[in-house]
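S.K.: For reference, the structure I am asking about is given below.
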Amino acid sequence: MPAADSAVDRLHEAHDRILDQLSQVIVGQREVIEELLISLFSRGHCLLEGVPGLAKTLLVSTLARSLDLSFSRIQFTPDLMPADIIGSDVLEEDKASGTRQPRFLEGPLFAHIVLADEINRTPPKTQAALLEAMQERQVSVGRVRHPLTDPFFVLATQNPIEQEGTYPLPEAQQDRFMFKVFVRYPSFDEEFEIARRTTGLPAAEARPVLSAADIVALQRSVREVPCSDHLLRYALAIVRQTRTGEPGVPDFVSDQLVWGAGPRAVQFLIVGAKARALLQGRSHVAAEDIRALAAPVLRHRIVVGFAAESEGVTPDAIIGRIVETTPAREDELTRDPRFQTIFAS
């Protein structure tokens, strides 16, 4: 137990120090920052969606500085090739012998934090190269494999309003991202403060508070957080209700969804809940952790039907209704006939 308490203290303290540094540069966006930190300490990746001008790039670069991590920004364009992001072999001449030897020249993927700006602007071949690196945490050039840096954290952005000339990510590729995070407009007070800060003298820059080695150690601590069998069933109950045609699925889900989330959603939901618990200063997972992360984990893993979408039904609305109708108490969940059907299937 003392080791668990130590992990709680270290991550909770790190959370507060990171927020303190980010607040010197970033105004508001507290929910976005929390979800980015949960994803980082869970060894996941994030897909950010928001209109231009909401400081997504500034947020990511400031986060990298506060964590003393290397940062790379890739502006995705229609002519970007896989070698442009991965790197390539070049012939290097040995001046002493006159012979030439191949040497791998690393691309911008070889950084701790990579911002893939407007990922839907680049063709599927380049998207696939990035997503392979995210999954395998290595790249292959010819027959040689090159491991990526550790920690390795990808944040990809999408513009939700301009879709001409884009290559939307297929659902199978979106599934590689732990969270889909919405970056929304600031409130009036936040925008007032943004205007005040950015039209005066330059603000103070964030100072590093954690090293790469610290983050790797904290990521390991997250996996050690206990999660009860009841909360595993609770997470499974939420995810399995998104799968149309399966036993126990609510009628509104069958009517409004055409596709549900796979097992990776459960894995990310549990690991994310463990990270959130530590960041909140707790040594165990609670039902509130799973409820809080249901939307960012599931919103890009479910597909709303055309009829429901035309009526304005959103993935978040369906997820909210599923969470609302799923009992969190163990006795209520296990005694409910509908959930007994789900657990028996």
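S.K.: Quick one: Ser228 ticks every box in (1) without any contact (Cβ under 8 Å) to a residue 12 or more places away in the chain; (2) within 29 Å of Glu13 (Cα to Cα); (3) not basic (Lys, Arg) except a single one, so which number is it?
M.R.: So Ser228 meets the others, but not (1).
S.K.: Okay, next question. Would you check if Gly281 is under 19 Å from Ile33 (Cα atoms), touching a residue at least 12 places away in the same chain (Cβ under 8 Å), of a type outside the set (Val, Ile, Thr) and loosely packed, with under 15 Cβ neighbours inside 10 Å?
M.R.: yes
S.K.: Still on this structure, I have one more. On the basis of being over 21 Å from Ala277 (Cα atoms), in contact (Cβ under 8 Å) with a residue 24 or more places away in the chain and either part of a loop (DSSP other than H, G, I, E, B) or among the hydrophobic types (A, V, I, L, M, F, W, C) (or both), does Leu169 make the cut?
M.R.: Yes: the conditions hold for Leu169.
S.K.: Go through (1) among the aliphatic types (A, V, I, L, M); (2) in a loop (DSSP other than H, G, I, E, B); (3) touching a helix residue (DSSP H, G or I) at 6+ places or on another chain (Cβ under 9 Å) and name the single condition Ala96 misses.
M.R.: (3)
S.K.: Report yes if Leu148 is under 12 Å from Arg176 (Cβ atoms), crowded, with 16+ Cβ neighbours inside 10 Å, assigned by TED's automatic domain parsing to the domain that holds Thr77 and in contact with a helix residue (DSSP H, G or I) (Cβ under 8 Å, 6 or more places away or on another chain), otherwise no.
M.R.: So Leu148 fails the test.
S.K.: Let me ask another. Being among the hydroxyl-bearing types (Ser, Thr, Tyr) and part of a loop (DSSP other than H, G, I, E, B) is the filter here, so list the residues in region 223-261 that pass it.
M.R.: Ser228, Thr242, Thr244
S.K.: Go through region 64-88 and count every residue that is surrounded by 14 or more Cβ atoms within 10 Å (Cβ to Cβ) and in contact with a strand residue (DSSP E or B) (Cβ under 7 Å, 6 or more places away or on another chain).
M.R.: So the count comes out to 11.
S.K.: Just to be sure, is Val253 under 26 Å from Arg43 (Cα atoms) and not polar (S, T, N, Q)?
M.R.: Against the criterion (under 26 Å from Arg43 (Cα atoms) and not polar (S, T, N, Q)), Val253 does not qualify.
S.K.: Continuing with the same structure: Does region 194-217 contain any residue that is under 20 Å from the mean Cα position of the chain (by Cα), basic (Lys, Arg) and modelled with pLDDT of 80 or more?
M.R.: Looking for residues that are under 20 Å from the mean Cα position of the chain (by Cα), basic (Lys, Arg) and modelled with pLDDT of 80 or more, one finds none in region 194-217, hence no.
The values are calculated or read from the model by the stated rules, or taken from the named source; none is laboratory data. The shown structure was predicted, so the numbers you read here are calculated from the model rather than taken from an experiment. For neighbour counting, all protein chains shown are included, and Cβ atoms are generated from backbone atoms with ideal geometry for every residue, glycine included.
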